Amino acid sequence: MTQKLLLVPFMVLSCFSVFSQFYEKGRTFDLINLERHQFKFDLLSPGFSYELGLFKNQSVSTGLGLATATYGEGYAFGLTSNNRYRYYHNFQRRIDMDKNVSGNSGNYIAAAQAIFFSQLRISTNIDGPKDFNLGFYGMVYGIQRTYKNGFNFNAELGAGLYKGDGVPDGYGPLIHFTFGWVATKRKSREPKFDY
């Protein structure tokens, strides 16, 4: 039953993907507004992240940084692997309002996974074996903005299942915030006009 629940976020995003293809201009693999590659150094939570543009408004990202898992059984704090499959839903609206979309500046819904490894953990109060791993599987809503000077912030709020390796499972929230600098070149911020 738990394994079937883990598939729900991915099925929801697949439906968004199919639905979006009918309503957007251009070919499926065109990255009109999305960056093909974006590498970011996180400054608040020392770490890094990489985002790969897949389709017009979809990307996958992975990163490593400090994070806290918190659910009914307790908390775990340490270096965490964060993985996302993002669906950006407001690029065209931001363009229509003459706002920046460079550096994947937009709002998104994402299937989220975070892995809290025992070897990288700093502290915990969860009862269980000393070397347990803990994973988060769920959905988040996020906002990402990249500014002209390269500074970037990303804020996410969501909920999902915390599944433990030798510790009890449970449901809980996910709050994730990063502030950093994008090291890769970004698409032009200037609007493009067809003549």
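The values are calculated or read from the model by the stated rules, or taken from the named source; none is laboratory data. Here the structure is a predicted model, which is why all the values come from computation and not from measurement. Positions of Cβ are backbone-derived with ideal geometry, glycine not excepted, and every protein chain shown enters the neighbour counts.
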Quickly run through the range 142-166 and pick out the residues that are modelled with pLDDT of 90 or more and closer than 18 Å to THR70 by Cβ. ALA155, GLU156, LEU157, GLY158, ALA159, GLY160, LEU161, TYR162, LYS163
Can you name the residue in the range 103-132 that is touching a residue at least 40 places away in the same chain (Cβ under 8 Å), in contact with a strand residue (DSSP E or B) (Cβ under 6 Å, 6 or more places away or on another chain) and in a loop (DSSP other than H, G, I, E, B) and is also surrounded by the most Cβ atoms within 10 Å (Cβ to Cβ) among such residues? ASN104
Just to be sure I understand the filter: pairs with C-beta atoms under 7 Å, separated by 6 or more residues or on different chains, first member in the range 41-54 and closer than 12 Å to GLY180 by Cα and in contact (Cβ under 8 Å) with a residue 40 or more places away in the chain, second member among the hydrophobic types (A, V, I, L, M, F, W, C) and assigned to a loop (DSSP other than H, G, I, E, B). Which pairs pass? PHE41/ALA183
Looking at this structure, is GLU73 out of contact with any Cys (no Cβ under 6 Å at 6 or more places or on another chain), closer than 20 Å to LYS185 by Cβ and acidic (Asp, Glu)? no
Just to be sure before I move on: is TYR137 in a strand (DSSP E or B), more than 19 Å from ASN57 (Cβ to Cβ) and in contact with an Asp or Glu (Cβ under 7 Å, 6 or more places away or on another chain) in the structure I sent? no
GLY166 meets each of (1) assigned to a strand (DSSP E or B); (2) in contact with a Pro (Cβ under 6 Å, 6 or more places away or on another chain) with one exception, condition (1)
Of all residues being in contact with a Pro (Cβ under 9 Å, 6 or more places away or on another chain) and under 19 Å from TYR171 (Cβ atoms) in the range 57-83, which is surrounded by the most Cβ atoms within 10 Å (Cβ to Cβ)? Just the residue, please. TYR71
Residue under question is ARG86, and the condition is that it be part of a strand (DSSP E or B), charged (D, E, K, R) and either closer than 20 Å to HIS37 by Cα or touching a strand residue (DSSP E or B) at 6+ places or on another chain (Cβ under 9 Å) (or both); does it hold? yes
